[in-house]
Amino acid sequence: MHAVPPEKMRLKLQQLWQQLYPDQPVDQLEPFFTELQAAAQAASPPPPATWFKEVVVYSLYVDLFNQDFQGLTTRLGYLQDLGVTCLWLLPILDSPMRDAGFDISDYTKIRSELVGGSDAAAQATFGEFLAEAHRRGIRVIFDVAMNHCSDQHHWFQEARKGPDNPYRDYFIWSDTTERYKEARIIFKGMMPSNWHPLPEDPGTYFFHRFFDSQPDLNYRNPEVLLAMCRVLLFWVAQGVDGFRADAIPYLWKEEGTICENLPGTHTIVKFFRAVLDAVRPGTILLAEACQPPAEVVTYFGDSDECQAAYHFPVMPRIYLALAQGSAKPIFETLSTAFTPEIPADCGWFSFLRCHDELTLEMVTPAERKAIHAAYCLQPEWDFRQGEGIASRLVDLFRHDPAALQLAFSISFTLLGTPVVFYGDEFAKPNDEQFQREQEALTGYQDARYRVRGAVDWPAVDAALADPASLPARTHAGVRAMLAVRRAHPALSGGSFQPLAGLDDRVLAYVRGTAAQRVLVVQNLSADTVNVAVPGGSNWRLIYGTHDLAQGVLTLPPKGFSWFAA
């Protein structure tokens, strides 16, 4: 894959600019084109175009995982041995940390506690980490909040000085809270409004979709668009492999709409993608769009927006399927009636848990009630008034080793690129002390803090040394499954064919390429089931303890096996 020819790049960006800013002259882009040409000449060689389909992603907070980037570097061998081939670094940029780093106060500076020393030393430390990760075959992406910044950012500190400040138009202002009144409040139960008064200027409000310490950026100002493009270029120059585009559906606002998934947002994303393609093709944009799949697929565009996106609806339905002992919720979610086909060079990312809550936005009211009843085991886990459950994987499954292994089996074989949240591979539990500390520090009653917390590596290493412990059993299963996945490309890039006509308690499907087929059979129930496997004599056991006997597979409760042909 090669950089986009300069003339084609110029034409594409000019067309997108005119769509967004019909009243702005196109020649404003000329200085930016010069920047792009220089960035393309300095960029490292591009990776394979669809590298993101073949990796296993591990998501972590650098400080909570192992103190800082030097500490993370010392643990890269552990991650490589586990089977990780891509790191998703949760927010690392400068921040007052009122929203775990998603409130960015400087887009080109890493938080000092993660690197230490002067800015030059910080850049060297990050560069050494990147070089070592790449040497081990581990790609690196990280979060950039595209929709908002911190109220401590230089832009906002300047903007609040008054209407004549040049940064004033970087944000959205009003003398009434009635603007954009159709836009839902995302942090329901924590924020009373999407508008927050400016204390020093009574009667003036700024717009925010998340916490009131995170003012939304105003992409109607072309300077904001170019400023964010320069952020991406800065980090491409450092050698990162992609960006998780946080809160991407909310970029463009229009009166009389819900301010989500608007055409202007897609034009902005196309602009970002064209910039990256012009400089280093294969640098990915990963869409964080908690929307129905039919809406999320629009963020792939014509393969000219994001290369990858999270499949949010399948995650809660995995939990529903396990609670009900039925494969129907998963198969219905992955049917083409619910999840449209996507471009061949794009891909889904899937996860069991992440740094956020087990979101219940993308399920029906009846499903939400059922999942909440089955998994919200403590009132403190409730998030956004029933729309989510804030708990780690092992606590959601009541420390049941069989349930954990089954969940990972589904995650590593079902859909797209799997994401492992740090600590889940060794059954890290909720951290209630961290929850209390962060609520006191930030002033926000945010139930998600408990799913974070620092890793106590001496304790973890001791537990992993005991094969009978839950951490060791969980870790061994994850490591073994990822090794089998790595040896069988059908599990990462193969087609998906559900096996119809089986017992509803059985989740079974074939992943296939032209050269290989893998059959996965999983018992979701608390009963022993017998499964008559079509073509049973052709299948060879590659993972699991339960083999076929005369074409019949007997699976104990929560048992599973993988086969190849």
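The values are calculated or read from the model by the stated rules, or taken from the named source; none is laboratory data. All values reported here derive from a predicted model rather than from experimental measurement. For neighbour counting, all protein chains shown are included, and Cβ atoms are generated from backbone atoms with ideal geometry for every residue, glycine included.
If you go through segment 173-195 and pick out every residue that is over 15 Å from Phe211 (Cα atoms) and in contact (Cβ under 8 Å) with a residue 12 or more places away in the chain, you end up with 8. Just to be sure before I move on: is Leu360 modelled with pLDDT of 95 or more and in the same structural domain as Asp446 (by TED's automatic domain parsing) in the structure I sent? So Leu360 fails the test. Any residue at all in segment 394-406 that's more than 25 Å from Tyr58 (Cα to Cα), touching a strand residue (DSSP E or B) at 6+ places or on another chain (Cβ under 9 Å), not in a loop (DSSP other than H, G, I, E, B) and not assigned by TED's automatic domain parsing to the domain that holds Leu507? The answer is no, given that none of the residues of segment 394-406 is more than 25 Å from Tyr58 (Cα to Cα), touching a strand residue (DSSP E or B) at 6+ places or on another chain (Cβ under 9 Å), not in a loop (DSSP other than H, G, I, E, B) and not assigned by TED's automatic domain parsing to the domain that holds Leu507. Tallying residues that are charged (D, E, K, R), part of a loop (DSSP other than H, G, I, E, B) and touching a helix residue (DSSP H, G or I) at 6+ places or on another chain (Cβ under 6 Å) within segment 238-287 yields 2.
Just to check your reading of the model, which residue among Ser105, Ser118 is modelled with pLDDT under 95, in the same structural domain as Asp241 (by TED's automatic domain parsing) and not aromatic (Phe, Trp, Tyr)?
Ser118 is the lone residue from the list that is modelled with pLDDT under 95, in the same structural domain as Asp241 (by TED's automatic domain parsing) and not aromatic (Phe, Trp, Tyr).
If you check Glu341, Glu305, Glu367, Glu380, which single one turns out to be in the same structural domain as Ala245 (by TED's automatic domain parsing) and at pLDDT below 95? Being in the same structural domain as Ala245 (by TED's automatic domain parsing) and at pLDDT below 95 holds for just one of Glu341, Glu305, Glu367, Glu380, which is Glu341. As an exercise: evaluate Ala38 against (1) buried (at least 20 other Cβ atoms within 10 Å of the Cβ); (2) within 24 Å of Ala237 (Cβ to Cβ) and give the number of the one condition it does not meet. Among (1) buried (at least 20 other Cβ atoms within 10 Å of the Cβ); (2) within 24 Å of Ala237 (Cβ to Cβ), Ala38 violates only (1).
The C-beta contact set for segment 411-439 (first residue assigned by TED's automatic domain parsing to the domain that holds Phe560 and in a loop (DSSP other than H, G, I, E, B), second residue surrounded by fewer than 21 Cβ atoms within 10 Å (Cβ to Cβ) and among the charged types (D, E, K, R), distance under 7 angstrom, 6+ apart or interchain) is empty. Against the criterion of being polar (S, T, N, Q) and modelled with pLDDT under 95, Gln41 qualifies. Somewhere in segment 41-59, is a residue part of a loop (DSSP other than H, G, I, E, B), touching a residue at least 40 places away in the same chain (Cβ under 8 Å), hydrophobic (A, V, I, L, M, F, W, C) and closer than 27 Å to Pro263 by Cβ? Yes - at least one qualifying residue is present in segment 41-59.
Would segment 82-101 turn up any residue that is in a helix (DSSP H, G or I) and modelled with pLDDT of 95 or more?
Checked against the condition, which is being in a helix (DSSP H, G or I) and modelled with pLDDT of 95 or more, segment 82-101 yields at least one hit.
You will find that of Ala463, Ala476, Ala472, Ala468, the residue that is assigned by TED's automatic domain parsing to the domain that holds Val62 and in a loop (DSSP other than H, G, I, E, B) is Ala468 and no other.
Across segment 102-125, what is the number of residues that are farther than 30 Å from His266 by Cα and surrounded by fewer than 22 Cβ atoms within 10 Å (Cβ to Cβ)?
Number satisfying all stated conditions: 13.
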